[in-house]
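See below for the structure under consideration.
The values are calculated or read from the model by the stated rules, or taken from the named source; none is laboratory data. These numbers were taken from a predicted model, which means no experiment stands behind them. Areas reflect the complete protein model, heavy atoms only, side chains present, ligands, DNA and RNA absent. Shrake-Rupley method; radii C 1.70, N 1.55, O 1.52, S 1.80 Å.
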Amino acid sequence: MKKLFLICIVLILQLSCTEEEIKSRPYPRVRTKSEVTDFTGGTAVFHGSITYITSAPITDHGFVWSTSSNLSLELSEKVSLGPKDSTGDFESEVDYTFQLNTTYYIRAYALTDTYTVFGEMIEFIP
């Protein structure tokens, strides 16, 4: 009886557990990594990742940052790293006079001909 009960439980669990379906999307997926490294007063290294690409080429990728959380490619400081044709990590040493004890907001980005995609916003206080 216990064996039958265990078999039923296992079957129920197997039927109720399904793999997460990966949905196709027409734009890349970008991640801003939470660490800013190698801060030396005048430079810092920002880290990001492209975790999904499509058939539409990535024409540019990089980082935007500002003391305002309203980040944009047009109004924020930006470092452009150019085209990228595969998933994976990327980083950039940013040469900028960061003000001490000031909150900066940072986002990684990727561009295609049709889409501008941003990663999560992180905060950095030098």
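Observations, loosely collected:
- Put simply, the C-alpha atoms of the stretch 25-68 give a gyration tensor, and the ellipsoid matching it has half-axes of 26, 11, 9 Å, longest first.
- Overall, the accessible surface of the stretch 49-126 at a probe of 1.4 angstrom is composed of carbon and sulfur to the extent of 43 percent.
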